[in-house]
There are 2 protein chains.
Amino acid sequence: MDKPVEDTASPQSSTRRVYLTLRNDIITGQIPPGERLKIDVLKVALDTGASPVREALSLLTSDQLVDRLDQRGFRVAATSRAQFQEILNLRCNLEELALRDSLANADTAWEDALVLAHHHMNKADRNDVDAYEVHHKRFHMALLAACGSPILLRFCSQLYDLNVRYRYLAGRAKSYSRRNVEAEHRAILDAAVSRDMDMACTSLMDHYRKTGAFLAEQVD
Amino acid sequence: MDKPVEDTASPQSSTRRVYLTLRNDIITGQIPPGERLKIDVLKVALDTGASPVREALSLLTSDQLVDRLDQRGFRVAATSRAQFQEILNLRCNLEELALRDSLANADTAWEDALVLAHHHMNKADRNDVDAYEVHHKRFHMALLAACGSPILLRFCSQLYDLNVRYRYLAGRAKSYSRRNVEAEHRAILDAAVSRDMDMACTSLMDHYRKTGAFLAEQVD
DNA sequence: AATACAAATATTATCGTTATTTCGTTGCCG
DNA sequence: CGGCAACGAAATAACGATAATATTTGTATT
């Protein structure tokens, strides 16, 4: 089974494995918003101890994917149309910042990686939603990779994950098939490769807002 | 002993207490960058078990204040002039976004809270660095509070903390006494109260860049 | 309806295991 | 004969599991 966000196959530490698994389950909606996350349940389901589960849940709290209730455990963070709009808006603002800096610093290594990411995304099977999602994120992050600000990249990555969650919740199949996303990606890539900042930003914002407008109606 | 960032007096849970204490110690430079954070040492120093310490360290990792080394424990995140510049730059960009939105949504409740925060900051004893720092952060966050985006506020708060750490590392006494920070705060407040977006942003950016230019020479 | 008791569950501490690091010894080369 | 390097063993410290504690919630009885 492929994971949409990151690879869970490398079991470096039990905590990390649990963290990645749970994050994946939340983002893909396999664990719905508001669901209580009982440690006893999780530790048997994930075949591990309570400590790794607690630590993983703490980390997810920092990612805004899990809420910690005073002394009453954890639950999956709620979703709302307002938050969806907030994420969309923030993403547009932060990624424009990052994209402009990235294009300003762009070198051939960055360009090569971007072209490859785009190619792999297009080659990926669109019906295998999770696999496609991995490549889709890689492409978008590759765009920003040269911005020179690790913290900003981290913020963008977090926002991406939060946003993907809404895509899954809205039912993924529909949102991608209706529009010609490939053309939008192509436009972004071309503008980026030719270092056309304004065009790249316009294309990217357009891409986000189109998806956003479509999804906004389905949330909540 | 007052805490610069947040109150540690309310011991809701042991994990939270440890988290706040450690964060404070790192931000104020009492634990220097690069220092190894041994769990055994911390758990006796903080009079608690290993689990809360581990969990607190995990949380601090998400705040970028602590680095996790694969299976070799934790250490205080390194500092660098490059990162300082990155934080300064990001702060300018994100806070301008937040400030404009905040002013757009501003109401009287927000204005009252802001005026109070400013008053309390000015009333605070400038020689008690930690106490002053609490009020300084409150004032700056009060400016942005009405922006309507909790996630953005969270990012700004994180960046603020990262930045304060550099202030402490550079030796706090000097950086504040040399310039007329009060006048800069006053200008920001006045512009904000009169809802003058451009002036408020200019004043705020100016405030940051002046402090930044001063500190940049002392870091590393 | 309110209070008390019981069951469930989060939280914390302790213990055992595993992995990494460091120090010491031995062997080889200069 | 002396020094350096590499291998190995012991110590140290993180990681994971289990057990104990405290808080909360639900239920039952007064």
Checklist outcome for this item: Residues of the stretch A:43-66 being away from every other protein chain (no Cβ under 11 Å), free of Cβ contacts under 8 Å to residues at least 24 places away in the same chain and crowded, with 17+ Cβ neighbours inside 10 Å, in sequence order, are A:LYS43
Checklist entry - Out of curiosity, is B:LEU103 away from chain A (no Cβ under 14 Å) and closer than 15 Å to B:THR211 by Cβ? => result no
Checklist entry - In the stretch B:57-108, which residues are outside any helix (DSSP H, G or I), away from DNA strand C (no atom under 16 Å from the Cβ) and not small (Gly, Ala, Ser)? => result B:ASP63, B:GLN64, B:LEU65, B:VAL66, B:VAL76, B:THR79, B:ASP107
Item to check | Residue within the stretch A:66-75 that is in contact with a strand residue (DSSP E or B) (Cβ under 9 Å, 6 or more places away or on another chain) and small (Gly, Ala, Ser) present | outcome: yes
Next on the checklist: Could you list, ordered by first residue, the pairs with Cβ atoms under 7 Å in which the first is in the stretch A:144-164 and more than 13 Å from A:ASN105 (Cβ to Cβ) and assigned by TED's automatic domain parsing to the domain that holds A:VAL115 and the second is aromatic (Phe, Trp, Tyr) and surrounded by 21 or more Cβ atoms within 10 Å (Cβ to Cβ), at least 6 apart or interchain?
Outcome noted: A:PHE155/B:PHE155
Checklist outcome for this item: Counting only helices (runs of 4 or more DSSP H) entirely within the stretch A:143-220, those with at least 1 residues that are exposed (fewer than 15 other Cβ atoms within 10 Å of the Cβ) and at pLDDT 85 or above are A:150-169, A:181-193, A:197-216
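The values are calculated or read from the model by the stated rules, or taken from the named source; none is laboratory data. On a predicted model such as this, the values are computed, not experimentally measured, just so you know. Ideal geometry is used to build each Cβ from the backbone, glycine not excepted, and the neighbour counts take in all protein chains shown.
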